[in-house]
Amino acid sequence: MYFIIFDLEFNQDFSSLDYLDRKNAQYPFEIIQIGAVKLDATFNTIATFNRYVKPTLYTKISPFITELTGIGTEQLLIEEPFPEVYKAYSEFIGETDSVFCIWGMSDIKELFKNAQYHKLSSKLLPKMFINLQPYASMHLSLPPKNLLRLQHVVEALGIPITYTFHNALYDAYYTAEIFKKVYNTSIKPSLYDPLHITTLQKQRQQKREIDNDKLIQQFEKMYTRKMTEEEQEIIKLAYKMGRTNQFLRKPF
């Protein structure tokens, strides 16, 4: 058995789609980079994985994503599309009884969503996972619901910062280092059921939907001008990403 510590960078730019398609909530955040570190049962690094992905859903990378990750549209044009990278990633994972280790739930959700969108089998992916975010909070004597940013925990645990953040491979490396420091025998893998997660998401969406028109209107009121189409997409994307809590900064 291996621990597969992985991280994703993804993009969503609805201005790249036809107007009618932009309303389709089925479209996932498109994965543009997969980074992973494979550890054995005693936490030795066995291998690493780092692949960029040629986008096929959104034809350009959002300026917000480029600013955050440094990944631009032109850079990805020479890469292979998701099905080929996904196949290579599955081969890297190898044993299906391995355990995914992640920082927050968004990456594992988007991995399964992208596989589903491209009609690819998820049978070769590990079904067990450990979300390290709440365990890191508890290790730092904070409530498990107090979800911290990756960089904040790296700094708090005294892990040397040798790479930039918001790069899938480097973030996977930092997550692996955190895993080594916070792991104890009480941490048990959980079963990931994408069908159950999808059902819960649909229920939440039915109860609470983002009113994009009001969101844009609020910004236009604040800036006393109309938002451009590109600005509207950046605002919507930033709002969605903010709701994941991955960018919250909490003082100790």
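The values are calculated or read from the model by the stated rules, or taken from the named source; none is laboratory data. If you're wondering where the values come from, they're calculated on a predicted model, not measured in any experiment. Note that each Cβ is placed from the backbone with ideal geometry, even for glycine, and that neighbours are counted across all protein chains shown.
On the basis of being out of contact with any Lys or Arg (no Cβ under 8 Å at 6 or more places or on another chain), aromatic (Phe, Trp, Tyr) and crowded, with 20+ Cβ neighbours inside 10 Å, does Phe49 make the cut? Criteria not met by Phe49.
The residues of the range 76-94 that are in a loop (DSSP other than H, G, I, E, B) and either at negative phi or without any contact (Cβ under 8 Å) to a residue 12 or more places away in the chain (or both), listed by number, are Leu77, Ile78, Glu79, Glu80. In the range 74-133, which residue that is over 15 Å from the mean Cα position of the chain (by Cα) and among the small types (Gly, Ala, Ser) is surrounded by the most Cβ atoms within 10 Å (Cβ to Cβ)? Across the range 74-133, the extreme among qualifying residues is Ser98.
If you go through the range 152-172 and pick out every residue that is crowded, with 17+ Cβ neighbours inside 10 Å and polar (S, T, N, Q), you end up with 1. Identify all residues within the range 127-168 that are at positive phi and in contact with a Leu (Cβ under 6 Å, 6 or more places away or on another chain); write none if there are none. His166, the sole residue that qualifies. Using the structure shown, decide if Thr56 is out of contact with any His (no Cβ under 8 Å at 6 or more places or on another chain), among the β-branched types (Val, Ile, Thr) and within 23 Å of Lys188 (Cα to Cα). Spelling it out, it is not the case that Thr56 is out of contact with any His (no Cβ under 8 Å at 6 or more places or on another chain), among the β-branched types (Val, Ile, Thr) and within 23 Å of Lys188 (Cα to Cα). Would you pick out the residues in the range 170-186 that are more than 12 Å from Phe100 (Cβ to Cβ) and either at pLDDT below 95 or among the polar types (S, T, N, Q) (or both)? Correct list: Asn184, Thr185, Ser186. The numbered conditions (1) of a type in the set (Gly, Ala, Ser); (2) within 27 Å of Asp211 (Cα to Cα); (3) in contact with a strand residue (DSSP E or B) (Cβ under 6 Å, 6 or more places away or on another chain) are all true for Gly35 except (2).
For residues that are assigned to a strand (DSSP E or B) and either free of Cβ contacts under 8 Å to residues at least 12 places away in the same chain or not β-branched (Val, Ile, Thr) (or both), scanning just the range 95-110, find the one that is nearest to Ser122 (Cα to Cα).
Step one: filter the range 95-110 for residues assigned to a strand (DSSP E or B), giving 99-102.
Next, only the ones that are either free of Cβ contacts under 8 Å to residues at least 12 places away in the same chain or not β-branched (Val, Ile, Thr) (or both) stay: 100-101.
Details: Phe100: 13, Cys101: 17 Å.
Restricting to residues being assigned to a strand (DSSP E or B) and either free of Cβ contacts under 8 Å to residues at least 12 places away in the same chain or not β-branched (Val, Ile, Thr) (or both), the top hit is Phe100.
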